[in-house]
Amino acid sequence: MAKASGEVRDRILGLINVKAGELLPNPRNWRDHPPAQRDLMEGLLNAIGFVGAALTITVKAGATVELEDGSTLVLDRDRPMLVDGHMRQEIAESHHPDQEVPILLTDIESIEEADELLTVYDPISAMAKTNHAKMAGLAGSIATGVDAVDKALADMRLEAVAEVVDRAKIPAKGGGREACLTCPQCSAKFPRQ
């Protein structure tokens, strides 16, 4: 990765929609998506739709690309390869082979640079800390009507409130045991277990 000096380069060429089957999966993608995560993403896509773009690089015509099954493909034309968005692409393609997926097309063409991006893109996002009080309030304010999504939101809210309550070490009023705990930051009430 080149050292930054001066102005930050804009590597985005554009936002376009392409058929899910036209996107090349990155054979070096290190993320595995468990069924529960896939079900949640599918529910979210069904309830809301695409609201973010997959991140891609351009692989030039004539390049030999390793596929996930270990075979190789020589490209007859330029094709976008995923850096981020593999699960969304798979879900879209499973719904309909002609389903279009929004992608950010970048000017990154070298596999080495793509590998650098693939290696650090998600881990940098994962470094963010959760504000549990805000998460509890936000998750408690949403209902999508999609069972998998609504269950996940309820679970997120309970986990977030439990973390806030645990960190605050909230004593019961009057020394007795109250039937409910109240989050000190979002005022949500939760039954004691």
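Name, by its number, the condition in (1) outside the structural domain of GLU100 (by TED's automatic domain parsing); (2) at pLDDT 90 or above; (3) not polar (S, T, N, Q) that does not hold for PRO34.
Evaluating PRO34 over (1) outside the structural domain of GLU100 (by TED's automatic domain parsing); (2) at pLDDT 90 or above; (3) not polar (S, T, N, Q) leaves (1) as the failure.
I'd like to check something: does the stretch 37-48 contain any residue that is outside any strand (DSSP E or B), on the phi < 0 side of the Ramachandran plot and touching a Leu at 6+ places or on another chain (Cβ under 7 Å)?
Looking through the stretch 37-48, none of the residues is outside any strand (DSSP E or B), on the phi < 0 side of the Ramachandran plot and touching a Leu at 6+ places or on another chain (Cβ under 7 Å).
Is the stretch 70-83 home to any residue that is touching a residue at least 60 places away in the same chain (Cβ under 8 Å), surrounded by 13 or more Cβ atoms within 10 Å (Cβ to Cβ) and either closer than 30 Å to ALA160 by Cβ or not hydroxyl-bearing (Ser, Thr, Tyr) (or both)?
Yes, the conditions are met somewhere in the stretch 70-83.
Against the condition crowded, with 17+ Cβ neighbours inside 10 Å and in the same structural domain as ASN17 (by TED's automatic domain parsing), how does LEU44 come out, does it pass?
yes
Just the residues that are assigned to a helix (DSSP H, G or I) and in contact with a Phe, Trp or Tyr (Cβ under 8 Å, 6 or more places away or on another chain), please, taken from the stretch 80-90.
Selection gives ARG88 alone.
Would you be able to tell me the number of residues in the stretch 41-64 that are more than 22 Å from ILE16 (Cβ to Cβ) and either among the basic types (Lys, Arg) or in contact with a Ser or Thr (Cβ under 6 Å, 6 or more places away or on another chain) (or both)?
2
State the number of residues belonging to the stretch 91-116 that are part of a helix (DSSP H, G or I), of a type outside the set (S, T, N, Q) and without any contact (Cβ under 8 Å) to a residue 60 or more places away in the chain.
4
One residue is enough: does the stretch 54-65 have a residue meeting the conditions buried (at least 19 other Cβ atoms within 10 Å of the Cβ), within 17 Å of PRO102 (Cα to Cα) and under 12 Å from the mean Cα position of the chain (by Cα)?
Yes.
The values are calculated or read from the model by the stated rules, or taken from the named source; none is laboratory data. Everything numeric here is computed off the predicted structure, so don't read it as measured data. Positions of Cβ are backbone-derived with ideal geometry, glycine not excepted, and every protein chain shown enters the neighbour counts.
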